[in-house]
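Worksheet for the structure shown next.
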Amino acid sequence: MSELKLITEEAVPAALERAMRYRLLNDPMTAQSICEDILSIDPDNEGAITLLLLAMTDQLNVDYAGSMSRIKEVLPLFKDNYERLYYTGIVCERQAKSRLEKIFPGSEFAAYELLRSAMEWYEKAEAIRPAGNDESILHWNTCARIIERKKLVAAPRDDFTPLLE
């Protein structure tokens, strides 16, 4: 692989805007790459961390396992506890939506569990949210509505006991 080139610090604001634009153009791979370039010279850039995480969750349908392992590395980069809790909820919610889009045996049960997990993270974030910030409540309500509209339920308990001969 070729050695990556570094961008200049002066270019960070424009690069961040460009990453946002690529994400909105449904090109999360390019947005992710730009965010990684920003973070290589400004590792504490909260805007780049946020966009990186969102761009990665945009790709969950393409590379679920690879995206999730990298996402788990990004979540601890959030310095603010509220942001870390809130975005952990976002990750769970987007995982659930990915499960609902790719139907496979048990996907609806998995989606239900992920939505419930997201709701728990949103409740934790809600408890420490900044004044006037109701994002966690809006997302909690979204998860509740998805569960209701899709009639999602927890997986049935498996009480199977094998017979011994």
| Among (1) open to solvent by 30 Å² or more (accessible area, probe 1.4 Å); (2) within 30 Å of E10 (Cβ to Cβ) - the single one A55 does not satisfy | (1)
| Residue list for segment 18-42, restricted to those being open to solvent by less than 40 Å² (accessible area, probe 1.4 Å) and within 16 Å of D58 (Cα to Cα) | A19, P28, A31, Q32, I34, C35
| remark: Restricted to segment 125-135 and to residues being out of contact with any Gly (no Cβ under 7 Å at 6 or more places or on another chain) and part of a helix (DSSP H, G or I), the residue surrounded by the fewest Cβ atoms within 10 Å (Cβ to Cβ) is A127
| remark: Within segment 58-76, residues being part of a helix (DSSP H, G or I) and open to solvent by less than 10 Å² (accessible area, probe 1.4 Å) number 2
| query | Since A15 meets every condition but one in (1) closer than 21 Å to S67 by Cβ; (2) open to solvent by less than 40 Å² (accessible area, probe 1.4 Å); (3) hydrophobic (A, V, I, L, M, F, W, C), which condition does it not meet? | reply | (1)
| said: Give me the residue from segment 80-117 that is assigned to a helix (DSSP H, G or I) and small (G, A, S) and, out of that set, farthest from D63 (Cα to Cα). | reply: S117
| task | Evaluate segment 113-124: report whether one residue or more is of a type in the set (D, E, K, R) and open to solvent by less than 80 Å² (accessible area, probe 1.4 Å). | result | no
| said: Just checking, does segment 63-76 include any residue being closer than 22 Å to R23 by Cα, modelled with pLDDT under 90 and among the acidic types (D, E)? | reply: yes
| query | Considering segment 2-26 alone, what residues qualify as being touching a helix residue (DSSP H, G or I) at 6+ places or on another chain (Cβ under 9 Å) and of a type in the set (D, E)? | reply | E9
| message | Just to check your reading of the model, which residue among A55, A118, A96, A111 is modelled with pLDDT of 95 or more, within 20 Å of A19 (Cβ to Cβ) and of a type in the set (A, V, I, L, M)? | response | A55
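The values are calculated or read from the model by the stated rules, or taken from the named source; none is laboratory data. Predicted model, so just to flag it, every value in this text is computed and none were measured. Please note: Cβ atoms are built from the backbone with ideal geometry, for glycine as well, and neighbour counts cover all protein chains shown. Surface accessibility is based on the protein's heavy atoms, side chains included, excluding ligands, DNA and RNA. Shrake-Rupley method; radii C 1.70, N 1.55, O 1.52, S 1.80 Å.
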